[in-house]
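Accompanying notes for the structure given below.
The values are calculated or read from the model by the stated rules, or taken from the named source; none is laboratory data. What you are looking at is a predicted structure, and each value in this text was computed from that prediction instead of being measured. Note that we place each Cβ from the backbone using ideal geometry, even for glycine, and neighbour counts take in every protein chain shown.
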Amino acid sequence: MHLRSPLAAGVLALAASCATTAGDAKSRQAVGPWLAPSPNLSQQIQDQVTRLPWTHGIERVETIHWLASVGEPAYENLLDLVSDPRSDVAGAALAALGATRDSRLVEPLRRIPWPVESEDALGLERARALLRLGDWSMIPRLVDGLEHESFMVRTLCLQALREATREDFDYHPGEKELARRFGVVRWREWWNARSSDPILTGGGG
């Protein structure tokens with residue numbers, strides 16, 4: 001099924017904690033916008049990136065966590081992986097980027113070509129990553145995701161929204177459609193009351 005791979009990456013992303021700067025001490029001067037890894041760390045990053053497509057389950061969780069914890073030295077590799085044609089690999093890269101919570105990644109991630117109206121699970125994983133990085137303009141996309149046919153997609157969208165806003169508006173992804181609809185209405189009312197704030201919509205400069 002088309003949805004399984006990115007959804008699996010999204011589930012694994014729930015286990016990826018906030019990144020530390022463990023790799024910074026092993027990094028050298030900045031190259032481009034990010035700190036460059038030492039030769040040894042560079043090889044470790046490349047090894048993990050090469051191995052990522054072949055990992056599953058807890059092994060993938062650990063790989064995502066490791067890449068996120070390395071921080072800046074791994075950013076270029078992860079941003080490249082976002083365009084990988086394998087949706088599970090792209091989803092894992094998005095999960096790792098989101099787990100860094102580094103707001104400087106918002107613009108580089110936005111610049112990666114992406115279908116504007118992409119509503120599939122991978123598109124929602126991208127929205128989830130951007131929200132975790134501080135881009136609240138993704139909230140309407142994730143609220144739309146609360147109406148997705150997949151229980152897992154709905155769960156991941158709610159997780160991201162609740163994590164960012166500390167709200168849930170009594171929405172439960174496992175309830176019947178009619179009950180869920182009331183929760184979605186409350187989410188949209190909440191957002192509409194705040195959507196004119198340029199800080200939340202990305203227009204605050």
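Tallying residues that are more than 14 Å from the chain's Cα centre (by Cα) and part of a helix (DSSP H, G or I) within the stretch 62-103 yields 11. For the residues ALA127, ALA96, ALA121, the requirement of being surrounded by 22 or more Cβ atoms within 10 Å (Cβ to Cβ), closer than 22 Å to GLU163 by Cβ and touching an Asp or Glu at 6+ places or on another chain (Cβ under 9 Å) singles out ALA127. For the residues LEU94, LEU52, the requirement of being farther than 19 Å from ARG132 by Cα and among the hydrophobic types (A, V, I, L, M, F, W, C) singles out LEU52. Count of the stretch 122-167 residues, restricted to those that are in contact (Cβ under 8 Å) with a residue 12 or more places away in the chain and in a loop (DSSP other than H, G, I, E, B), is 8. Evaluation of SER83 against the conditions (1) of a type in the set (S, T, N, Q); (2) modelled with pLDDT under 90; (3) over 30 Å from ASP168 (Cα atoms) shows that the sole unmet condition is (2).
So ASP102 ticks every box in (1) among the acidic types (Asp, Glu); (2) in contact with a helix residue (DSSP H, G or I) (Cβ under 6 Å, 6 or more places away or on another chain); (3) at pLDDT 95 or above but one. Which box is left unticked? So the condition that ASP102 fails would be (2).
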